[in-house]
Amino acid sequence: MTRLERNDRIIRLALLLVAFSAVSILIVITAFIFSEGTPIMFRHGPGRFLLGLDWYPSEKLFGLLPMIVGSFSVTAGALLVGVPTSLACAVVLTQFASKRTARVLKPVIELLAGIPSVVYGFIGIVVIVPFIRDNLGGPGLSVLAAAIVLGIMILPTVISISVDAFQALPPSYREGSIALGATVWQTVRMVLLPAARSGIVAAVILGMGRAIGETMAVIMIAGNAAAVPTSPLAPVRTLTSNIALEMGYASGEHREALFATGVILFVIIMILNTLANRASARRKV
């Protein structure tokens, strides 16, 4: 074995070790969360734990349904706010804007991902919450306020992946449609959007995962009431907020219940990521 071959083998083994270390860390985290969180779920009953309406840890009541509904209601609102805006931006960047304009706008949009979530929450408290309270009613700290802020926060994720989906399409799709007499908008609506559907679906699913996993901004503007929201103007508590608010002082079964909340959140995120990966794989076929 020559020296170059030996060095190549050492480097290959080192990279393989690094890769396995990353996987092993994920396995350890997963095993820890499940070992801490699943016993209380089976002790109290998964149905009672997932479908219970009362969250009173001091009385051994650990109903997570209000937080599950709260997480999905806030996330659904964020998608209603963020997805149309994101798709519009992606279409403009790839089909209507000049290359120079797109080179400027795309990095600026991606910079939104680097803004700390606490800054989004602060803007929500100062601007969005008073506006909702003064014009729509309610306390202002609500599903609607959280949905608007999260809708803005998912923009970079959905726009970036949607732009990649449009750019991955063969140029012949657009050129052929234009050659047949279609306008640019007709080409986008009837040719490019259907062709990029799987990539757009992946972008939406990843944006949904980003929204459902957000913590700090939601704590600041959602109201954190452990009750099923009855309207968009009602306060709400999400799964992530529930963990962050109570983990600092929880002990015993209360602490186990918060780990069980993490298990549920972990499963939801894994399902969303799996769906996104399958959508992306379909796009590549």
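No lab work stands behind these numbers, since they all come straight from the coordinates. Because the structure is a prediction, the values reported are computed rather than measured. Cβ sites come from the backbone with ideal geometry, for glycine too, and all protein chains shown count toward neighbours.
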### Message
I need to check one value: relative contact order of the chain, counting alpha carbon pairs closer than 8 Å and at least 6 residues apart, in percent.
### Response
27 percent
### Task
Let me know the charge dipole size of the chain about its Cα centre in debye, to the nearest 20, where only the beta-carbon of Lys, Arg (+1) and Asp, Glu (-1) is charged.
1080 debye
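Can I get the semi-axes of the stretch 151-192's equivalent ellipsoid? Compute them from the C-alpha gyration tensor as square roots of 5 times the eigenvalues, in angstrom, largest first.
26, 11, 5
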### Query
So which DSSP H runs in the chain come out at 24 Å plus along the axis (Cα) with average Kyte-Doolittle of at least 0.0?
3-44, 65-91, 253-284
### Query
If you take the Cα atoms of the stretch 122-245, find Rg, then find the Kirkwood Rh from the mean of 1/r over all pairs, what is Rg/Rh?
1.17
### Query
So how compact is the stretch 15-147: Cα radius of gyration and Dmax in angstrom?
21.6, 62
### Sparse-neighbour loop sites [trypsin sites (Lys or Arg not before Pro); the stretch 7-98; at most 13 other C-beta within 10 Å; DSSP]
Lys60
## Note on the structure
Scoring only Lys, Arg, Asp and Glu (+1, +1, -1, -1) among other residues with Cβ under 13 Å from the Cβ of Val218 yields +1
### Query
Quick one, what does Rg over Rh come out to for the chain if you take C-alpha atoms and the Kirkwood Rh?
1.06
### Query
Which of Ala146, Leu105, Leu136 sits closest to the plus end of the dipole of the chain, meaning its Cα is farthest towards the positive end, when Lys and Arg get +1 and Asp and Glu get -1 on the C-beta?
Leu105
